[in-house]
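Please read the structure below before turning to the comments.
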Amino acid sequence: MDTIRAYFKSPGRVLVYLILCVSAFLWLVPVITALITSLRTYDEILTNGFISWPETITLENFKTAWERGGISRYLPNSFIITLPSIVLTMLLSSLAAYALARFKFPANRVIFFTFVGGMMLPFQVLLLPVFKLTDFLGLYDTYWGLIFFHTAFQLGFCTFMLRNYMRTVPGEIIEAARIDGCSEIGIWAKIMLPLTLPAIAAIATLEFTWIFNDYLWAIVLTSNDALKPVTAGLATLQGQFITDWPVIVAGALIGTLPTLLVFLFLQRYFIEGLTLGSSK
């Protein structure tokens, strides 16, 4: 209690605290509005509009979104696309980062800057080339088309982050392992990966959010409704003449639960990964 009182003796700290509270409330306004909308009926929204307190609270919208809205089908599709993409991305980027961080060869910087340059390309520039490539390879309208694209496009960022962290690992550890006869794959698997686990967890958390919430490539590379992830599937709930907003918002809230749970369970690793090197 004394610590709290001492903290609030400074006017500057009180002002910062108030600004943070107001900012947090403003950030939560859309979430609160969406939650209230999902608990209302369609007829009530037509009568009273969106900005009003619900007269009756119902959970029927969540049931409708799950069953008739197809969320029960779209949500597993998102996991089928996201999880293999993250595994492949982490595997390939950690291998590339280890090679770029620990081996000296003439094309080292060229390859590294190629990865970095790939991060600068906007999504819109790649729409037509990626669509034609997936169609040519027979990957259009398949899970693998989205999985391979997400893996390839996220490699630049993941390699860049992991390579910079792997360079901070003391070289004496690597040399000692080589003297003991450990192979390079063994060093990568038994030494480098455990040491970079916080960084990998932080990056994997971000990647899960980005890939799971992707909408653009889900509608570009798939047309079969049975293959669409939850982000693209929600768009099919919008009718031509009538849009049942409570059902759509309820489906969107269901679709946000996986990313929210991932952050809740991995927040310790995520924060630890973000603060790596801050004390050096």
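The values are calculated or read from the model by the stated rules, or taken from the named source; none is laboratory data. It should be emphasised that the depicted structure is a prediction, and the values quoted were computed from it without experimental measurement. Note: ideal-geometry Cβ built from the backbone for every residue, glycine included; neighbour counts use all protein chains shown.
With respect to residue 66, is the statement that it is within 28 Å of the chain's Cα centre (by Cα) and surrounded by fewer than 11 Cβ atoms within 10 Å (Cβ to Cβ) true?
So residue 66 does not fit the description; no.
Looking at region 23-60 only, could you name the residues that are more than 26 Å from the chain's Cα centre (by Cα) and not in a loop (DSSP other than H, G, I, E, B)?
Those that are more than 26 Å from the chain's Cα centre (by Cα) and not in a loop (DSSP other than H, G, I, E, B): 42, 43, 44, 45, 46, 47, 48, 60.
Residues being part of a loop (DSSP other than H, G, I, E, B) and not aliphatic (A, V, I, L, M): count how many of those fall in region 194-224.
Residues flagged as part of a loop (DSSP other than H, G, I, E, B) and not aliphatic (A, V, I, L, M) within region 194-224 amount to 7.
Quick one: which residue in 184, 172 is surrounded by 15 or more Cβ atoms within 10 Å (Cβ to Cβ) and farther than 30 Å from residue 237 by Cα?
After ruling out the rest, the residue left standing is 184.
Across region 130-146, what is the number of residues that are touching a Leu at 6+ places or on another chain (Cβ under 7 Å), closer than 16 Å to residue 226 by Cα and assigned to a helix (DSSP H, G or I)?
Count: 3.
Any residue that is in contact (Cβ under 8 Å) with a residue 24 or more places away in the chain, buried (at least 17 other Cβ atoms within 10 Å of the Cβ) and farther than 30 Å from residue 150 by Cβ - is there at least one of those in region 52-63?
Yes, the conditions are met somewhere in region 52-63.
Could you identify the single residue in 89, 159 that is in contact with an Asp or Glu (Cβ under 7 Å, 6 or more places away or on another chain) and in the same structural domain as residue 250 (by TED's automatic domain parsing)?
89
Within region 85-111, can you find the residues that are crowded, with 18+ Cβ neighbours inside 10 Å and not aliphatic (A, V, I, L, M)?
Result: 85, 89, 93, 94, 98.
Before we move on, is residue 136 free of Cβ contacts under 8 Å to residues at least 60 places away in the same chain, over 19 Å from residue 100 (Cβ atoms), in the same structural domain as residue 110 (by TED's automatic domain parsing) and of a type in the set (A, V, I, L, M, F, W, C)?
Here the answer is yes, as residue 136 does meet what is asked.
Looking at region 116-137 only, could you name the residues that are in contact with a helix residue (DSSP H, G or I) (Cβ under 7 Å, 6 or more places away or on another chain), at pLDDT below 85 and within 30 Å of residue 223 (Cα to Cα)?
Correct list: 118, 119, 123.
List the pairs whose first member sits in region 89-112 and is in contact (Cβ under 8 Å) with a residue 24 or more places away in the chain, whose second member is surrounded by fewer than 16 Cβ atoms within 10 Å (Cβ to Cβ) and in a loop (DSSP other than H, G, I, E, B), and whose Cβ atoms are under 7 Å apart, counting only residues at least 6 apart or on separate chains?
Qualifying pairs under 7 Å: 101/167.
What's the number of the condition residue 124 fails, among (1) under 24 Å from residue 234 (Cβ atoms); (2) in contact (Cβ under 8 Å) with a residue 40 or more places away in the chain; (3) polar (S, T, N, Q)?
(2)
Check residue 122 against each of (1) closer than 21 Å to residue 212 by Cα; (2) of a type outside the set (A, V, I, L, M, F, W, C); (3) touching an Asp or Glu at 6+ places or on another chain (Cβ under 9 Å) and name the one condition it does not meet.
Status for residue 122: all satisfied but (3).
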